[in-house]
Amino acid sequence: MTQRTRNMTFAALFGAAAIVMPILFHGLGLGSVFTPMFLPLLTMGFFVLPAYAGVVGFLSPWISAFLTGMPPLIPTAPIMSVEGAALASTASFLYQKKHVNFWLSLLAAIAAERIVLLIAVLVVAPLLDLPATMLSLSALTVTLPGIALQMVVVPILVKFFERHAKMGAFS
């Protein structure tokens, strides 16, 4: 399998998972708190090149919004699209391009997503006549369980896919 085909395959797989996972989580009432879309997007970052990660991270919230109604188109989809792009492309750039340690790449990607979220909320809140400080604090803290879930699940998924890639399942 060529590198381009591998990137496209992983991008499609994780992009589809980014649309399906929120449906499952929201069905159980665990939606926005656990940020289910970001689990496959972050995992994808460890397997595809940054351009693929950024594009899929950016497009997944929009595709999901149009197909499932989640996230809401305004203001959530635009915010989640820049978050998803930052999350996936940071993990990809550090891990795939710069060969940074897995854990540092994971933490940096999560930090990048949090910073983008904070900036996006601070920009969008005044446009919607909402209190920026309170909204940013809420946006950063409500999803802490999702970050904890990412810290547990993503390493397991990355090890799983790396192990199977070494066995020739994805090459």
Discussion item. Cβ contacts < 6 Å: first residue assigned to a helix (DSSP H, G or I), restricted to region 77-94; second residue among the β-branched types (Val, Ile, Thr) and surrounded by fewer than 23 Cβ atoms within 10 Å (Cβ to Cβ), any location; separation 6+ or different chain. Result?
Written reply: Val82/Val116; Glu83/Val116; Ala86/Val116; Leu94/Val100
Worksheet item: Is it true that Val123 is surrounded by fewer than 18 Cβ atoms within 10 Å (Cβ to Cβ), β-branched (Val, Ile, Thr), over 19 Å from the mean Cα position of the chain (by Cα) and under 29 Å from Phe66 (Cα atoms)?
Response: yes
Item to complete: Mind listing whichever residues of region 26-51 are modelled with pLDDT of 95 or more, buried (at least 17 other Cβ atoms within 10 Å of the Cβ) and part of a helix (DSSP H, G or I)?
Response: Phe38, Leu39, Pro40, Leu41, Leu42, Thr43, Met44, Gly45, Pro50
Worksheet item: Quick check: anything in region 150-163 at pLDDT 90 or above and part of a loop (DSSP other than H, G, I, E, B)?
Response: no
Item to complete: Scan Leu94, Leu137 and give me the residue that is at pLDDT 95 or above and of a type outside the set (Asp, Glu).
Response: Leu94
Item to complete: Check region 115-132 and report whether any residue there is within 14 Å of Ala53 (Cα to Cα) and either of a type in the set (A, V, I, L, M) or in contact with a helix residue (DSSP H, G or I) (Cβ under 9 Å, 6 or more places away or on another chain) (or both).
Response: no
Discussion item. Name the residue that is surrounded by the fewest Cβ atoms within 10 Å (Cβ to Cβ), counting only residues in region 54-76 that are assigned to a helix (DSSP H, G or I), in contact with a Leu (Cβ under 9 Å, 6 or more places away or on another chain) and not polar (S, T, N, Q).
Written reply: Phe66
Worksheet item: Between residues in region 39-52 that are within 12 Å of Gly84 (Cβ to Cβ) and residues that are hydroxyl-bearing (Ser, Thr, Tyr) and surrounded by 24 or more Cβ atoms within 10 Å (Cβ to Cβ), which pairs lie under 6 Å by C-beta distance while being six or more apart or on different chains?
Response: Gly45/Ser92
Response to the item:
Of the residues in region 95-131, those that are of a type outside the set (A, V, I, L, M), within 17 Å of Val154 (Cα to Cα) and either touching a strand residue (DSSP E or B) at 6+ places or on another chain (Cβ under 8 Å) or in a loop (DSSP other than H, G, I, E, B) (or both) number 1
Practice prompt. Could you figure out which of (1) hydrophobic (A, V, I, L, M, F, W, C); (2) surrounded by fewer than 22 Cβ atoms within 10 Å (Cβ to Cβ); (3) under 14 Å from the mean Cα position of the chain (by Cα) isn't true of Ile23?
Written response: (3)
Worksheet item: Of these, Ala139, Ala86, which one is in contact with a Leu (Cβ under 8 Å, 6 or more places away or on another chain), buried (at least 17 other Cβ atoms within 10 Å of the Cβ) and among the small types (Gly, Ala, Ser)?
Response: Ala139
Discussion item. Checking the conditions here, which among Ala111, Ala169 is out of contact with any helix residue (DSSP H, G or I) (no Cβ under 7 Å at 6 or more places or on another chain), surrounded by fewer than 15 Cβ atoms within 10 Å (Cβ to Cβ), at pLDDT 90 or above and small (Gly, Ala, Ser)?
Written reply: Ala111
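The values are calculated or read from the model by the stated rules, or taken from the named source; none is laboratory data. In this text, all values refer to a predicted model and were calculated from it rather than measured experimentally. All Cβ positions, even for glycine, are placed from backbone atoms using ideal geometry, and neighbour counts span all protein chains on display.
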